Amino acid sequence: MEILRHLLLVIHILGFAALLGGLLVQAREPQKSVNALMRDGAGTAFLAGLLLVGVIQADDGDLDNTKIAVKGVIGLVILVLVMANLRRERIATGLWTLLLLLTVANICVAVFWASAHV
Ligand code: HEM
């Protein structure tokens, strides 16, 4: 289970790294849009996160449910916003900024919200 958990954590990190990369590559572009990196990254981070919860629970690991709920809601909002704007030629800079802040917020929640396991 430990190997599976670590493998999922690597996929989880690659997922939100792709999301962050897809956002930051457009930082200096006047026109912003939802690119493939953001789409695949948001989906991968969310799915791997859910699977991580399942694996840790199956391994009787203690999860901080409030922390996971916060991360889950932020991850879902990111995923919905990304998928809802996938076909638009361009997105508002305000939406781009919101997606960037939510992604950084989830990294901060994961790292600074001290808990036994996650
Ligand atoms: C953009 C969205 C997300 C970002 C940026 C993010 C960020 C992170 C980071 C930085 C870690 C490593 C923290 C550490 O090990 O100290 C982590 C671990 C974890 N995340 Fe996320 N996360 C996101 C979404 C989610 C979602 C939606 C869930 C589940 C509902 C989730 C569940 C977890 C779990 C369970 C771990 C711990 C894994 C372990 O210790 O093995 N994450 N996340």
On average, how much accessible surface per residue is there in the chain, in Å², for a 1.4 Å probe, leaving out ligands, DNA and RNA? 59 Å²
Stretch gain in nm, segment T66-A36, where the contour uses 0.36 nm per residue and the Cα spacing is subtracted: 7.7 nm
Largest-first principal axis extents, alpha carbons of the chain, Å: 47, 23, 21
Multiplying the sequence separation of A110 and L50 by 0.36 nm and subtracting their Cα-Cα distance, what value in nm do you get? 20.2 nm
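Using only helices, what value at 222 nm comes out for the chain when you add -39,500 (n - 2.57) per DSSP H run of length 4 or more and divide by the total residues, to the nearest 500 deg cm²/dmol?
-25500 deg cm²/dmol
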Give the carbon-plus-sulfur fraction of the accessible surface of region 58-107 in %, rounded to a whole number; probe 1.4 Å, heavy atoms of protein chains only. 62 percent
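The values are calculated or read from the model by the stated rules, or taken from the named source; none is laboratory data. Only a predicted model underlies this, so the values are computations on that prediction, with no experimental measurement involved. Just the protein is used for accessible areas: all its heavy atoms, side chains included, with ligands, DNA and RNA removed. Shrake-Rupley method; radii C 1.70, N 1.55, O 1.52, S 1.80 Å.
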